[in-house]
1. Which whole-number percent gives the relative contact order of the stretch 3-194, counting Cα pairs below 8 Å spaced six or more residues apart?
2. Which of D128, D24, D90 moves the most in a Gaussian network model of the chain with Cα springs under 10 Å?
3. In whole Hz and in residue order, list the ³J(HN,Hα) couplings for the stretch 82-98 that follow from phi through the Karplus curve 6.51 cos²θ - 1.76 cosθ + 1.60, θ = phi - 60°; x for Gly and Pro.
4. Taking the number of other C-beta atoms within 10 Å as the exposure measure, put Y98, Y138 in order starting with the fewest.
5. Would you kindly compute the Cα radius of gyration of the stretch 3-194 and its largest Cα-Cα separation (Dmax), both in Å?
6. Only Lys, Arg, Asp and Glu count, each charged at its Cβ (+1, +1, -1, -1), so figure out the dipole size of the stretch 130-193 about its Cα centre, rounded to 20 debye.
7. Once the Cα atoms of the stretch 50-94 are picked out, what are the Rg and Dmax in Å?
8. Quick check for me: using +1 on Lys/Arg Cβ and -1 on Asp/Glu Cβ, what's the dipole size of the chain about its Cα centre, in debye to the nearest 20?
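What follows draws every value from the coordinates through simple rules; no lab data is involved. Since we're looking at a predicted model, the values are computed, not measured. Cβ coordinates were reconstructed from backbone atoms using ideal geometry, including for glycine residues, and neighbour counts include every protein chain displayed.
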Amino acid sequence: MTQSDVNYYNVNAELFIQNTLNVDMEKLHQRFIDNLPKHSKILDAGCGSGRDTLAFMKMGFSVDAFDASIKMVESAKKLTGLPVKHNRFDQIQVVNEYHGIWSCASLLHIKRAELPSSMQVLANTLKDTGIWFISFKYGSEEREKDGRFFTDLTEELLIDLVSEVKDIQIESMWTSVDQRPDRCEKWLNALLRKTTIKL
């Protein structure tokens, strides 16, 4: 995440939370948790308001969460009651701890050239056979909009990206439409699987 992205979320935290906190995420959540054992431990990577962290907690999962924006961290702490950490992706040092990673609309703020290394750090936190949800706005551009940087991905670009991350494979990919009532953007979603066994 660039410094301009962090600044954007710090300045606009209240508006962002207002626009995203009540978005219906049930279908995406279900697709993710269907791949998790009971009592799994989840990492919400780039947790924003803490919306999804809270949802997973209510489902009975143990959740750790972090965000690069201190304002988002404060909001997520207030919403969830958890000790949400103020970190960037590349600052995570945990290894082999989580059954699942949830990074919903968060990795998209990393420049494409830096994505493999940031994703590798996250991949290292997964247990073997762990599942990982990611989502990007659909497209092939790197762009700035309203003070934020975006890396958009197509299926082909995601395949190329994941090929650069050790021990991670794509389990499924699908597109969806933004659930916010004032948006009609297309999203690329994927479930990734960690496997150290090469067939």
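1. 19
2. D24
3. Karplus values, whole Hz, x for Gly and Pro: 8, x, 4, 8, 9, 9, 8, 4, 6, 9, 6, 10, 6, 10, 6, 10, 10.
4. By the 10 Å Cβ count, ascending: Y138, Y98.
5. Cα only, the stretch 3-194: 15.3, 41 Å (Rg, Dmax).
6. So the magnitude is around 240 debye.
7. Cα-based Rg and Dmax for the stretch 50-94 come out at 10.3, 28 Å.
8. 500
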